Amino acid sequence: MPASPSGVQPDSIGALLASKEIVIVCGSGGVGKTTAAAAAAAMAAVRLGGKVLVLTVDPARRLAAALGLEGFGNVETRVVPEAFEQAGARPRGELWAAMLDTKQSWDDLVRRHAPDRATAARILANPLYQNISGKFVQSHDYIAMERLYEIHSEGNFDLIVVDTPPTRNAVDFIEAPQRMAEFFSSRLLRMLIAPYRSRVVNVASRPFYQIADRVLGSQFLEDIAEFFVLFQTMYAGFVERARAVERVLRDRRTTFVVVSTLEAAPVREAEFFLEVLTAKRFHLGALVLNKVLPDYLLDEDAEKRAATLSDEASKLSRSEGLGELLDVDHEQLARVLAEVGDNFRNVAVVARREATLRQHLERRPDVVAAAPEFDTDIHDLPGLLRLGERIWG
């Protein structure tokens, strides 16, 4: 896959992706973030070549349907060349897809970081681990970072496009390794495992355990304690990996892309995430504005003509031969012309509001791309490529 010349600022999504190895796509729910991530990856495979992976950590399985894949998960699966042929495209490279399987990824992580096979087996057999490994606080976000780091380290792909959970959860996605490391050194964790380690409970903590024993049961507390005692044997591995992940996220080969529509709530979410990325000094590569109204709605001459349609509908409806040509009476034609003019003017008001919001958002990222709202939902590879063409630049 070609890379942009050193020191040259990318001026399009295509140029941005050509210069990066990891692209993390963020945005609030319902703005087309998953679709935009898949569209960018599909276009990269077509235009740039190499091996491109789109990795979704969003629990929704919309991406599988859009790519024509069934039941794909942790194992990267190639989108067959025939799918591109049917879409009228001849890719220079390969498109692959994977979806995070939280439970499987945790099991793999335990086997990787446990000090020995016996400890790994005890963790995997622990009832608490079996019940909560897929629901553990921050488990989904943390394991997503682990999986991204693992795939990138293996070096099998030239470009990895990551579809994250909705915006505020995406902040958790970024911060998960640090929070996980902090939890394993927390006071709460020390209190939980202290009686299991020493069987000695000091006077201050005895009431806590007496109440906990009555409410939860001593066996449950022992399962918790054993789980965290065993997990602490992997603490060094967690901390080391968290630091490595942080380095990857801040590497010059990694960039973030924020996706939003120009509606009020998504714009607030986009502004929030743009601020977070800026404050944390991550590379903000692009802003993709989805479902944007067309530019012709901002044309003052067009709006004047729409006003003429509204204000002079009765007169225009009586233009020579127009009613007969359309086979409608003058009154009906006048109502239609007035409604067309009014609708155009109303939508133009929204378009001007969008343009103002767009100017505000465009101040921060290197690249801004916009795509219209398509007539039909994007649910297949041809649709992804149509969207990709519009944002590629």
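The values are calculated or read from the model by the stated rules, or taken from the named source; none is laboratory data. Only a predicted model underlies this, so the values are computations on that prediction, with no experimental measurement involved. Every residue, glycine among them, receives a Cβ derived from its backbone with ideal geometry; neighbour counts consider all protein chains shown.
Considering every residue within the stretch 107-125, establish whether at least one is over 23 Å from E146 (Cα atoms) and either over 24 Å from the mean Cα position of the chain (by Cα) or buried (at least 19 other Cβ atoms within 10 Å of the Cβ) (or both). Talk me through it step by step, then tell me what you get.
Narrowing the stretch 107-125 to residues over 23 Å from E146 (Cα atoms): none.
Among the residues of the stretch 107-125, not one is over 23 Å from E146 (Cα atoms) and either over 24 Å from the mean Cα position of the chain (by Cα) or buried (at least 19 other Cβ atoms within 10 Å of the Cβ) (or both), which makes the answer no.
Residues V336, V367, V328: which one is under 20 Å from the mean Cα position of the chain (by Cα) and either over 20 Å from V46 (Cα atoms) or at pLDDT 85 or above (or both)? Write out each step before concluding.
Values: V336 fails: under 20 Å from the mean Cα position of the chain (by Cα); V328 fails: under 20 Å from the mean Cα position of the chain (by Cα).
None of the other options fit; the residue is V367.
With in the same structural domain as R386 (by TED's automatic domain parsing), crowded, with 19+ Cβ neighbours inside 10 Å, farther than 23 Å from E373 by Cβ and not hydroxyl-bearing (S, T, Y) as the only criterion, which of L289, L333, L277, L309 stands out? Can you show your working first?
Values: L289 fails: farther than 23 Å from E373 by Cβ; L333 fails: in the same structural domain as R386 (by TED's automatic domain parsing); L309 fails: in the same structural domain as R386 (by TED's automatic domain parsing).
From the options L289, L333, L277, L309, the qualifying one is L277.
May I ask you to list the residues in the stretch 237-296 that are within 30 Å of D377 (Cα to Cα), touching a residue at least 40 places away in the same chain (Cβ under 8 Å) and of a type in the set (F, W, Y)?
Residues satisfying the conditions are F256, F272, F273.
Of F208, F256, which residue is within 35 Å of the chain's Cα centre (by Cα) and either outside the structural domain of V110 (by TED's automatic domain parsing) or modelled with pLDDT of 55 or more (or both)?
On the way: F208 fails: within 35 Å of the chain's Cα centre (by Cα).
Checking each option against the conditions leaves just F256.
Which condition number does R281 fail, the rest of (1) in contact with a Cys (Cβ under 7 Å, 6 or more places away or on another chain); (2) not in a helix (DSSP H, G or I) being met?
Among (1) in contact with a Cys (Cβ under 7 Å, 6 or more places away or on another chain); (2) not in a helix (DSSP H, G or I), R281 violates only (1).
Could you pull out every one of the helices (runs of 4 or more DSSP H) wholly within the stretch 304-393 that has 1 or more residues that are within 30 Å of A65 (Cβ to Cβ)?
Numbers: elements: 313-317, 322-326, 330-361, 381-392.
By residue number, 330-361, 381-392.
I need the full set of residues from the stretch 67-118 which are touching a helix residue (DSSP H, G or I) at 6+ places or on another chain (Cβ under 6 Å), farther than 23 Å from P165 by Cα and part of a helix (DSSP H, G or I), in order please.
If the condition is that a residue be touching a helix residue (DSSP H, G or I) at 6+ places or on another chain (Cβ under 6 Å), farther than 23 Å from P165 by Cα and part of a helix (DSSP H, G or I), then A83, V110, R111, H113 are the ones that fit.
Residues in the stretch 168-189: is at least one modelled with pLDDT of 75 or more and either farther than 26 Å from G285 by Cβ or of a type in the set (S, T, Y) (or both)?
There is no residue in the stretch 168-189 that is modelled with pLDDT of 75 or more and either farther than 26 Å from G285 by Cβ or of a type in the set (S, T, Y) (or both).
Please indicate, with yes or no, whether at least one residue in the stretch 271-284 is in contact with a helix residue (DSSP H, G or I) (Cβ under 6 Å, 6 or more places away or on another chain) and modelled with pLDDT of 90 or more.
Yes, there is a match, as at least one residue in the stretch 271-284 is in contact with a helix residue (DSSP H, G or I) (Cβ under 6 Å, 6 or more places away or on another chain) and modelled with pLDDT of 90 or more.
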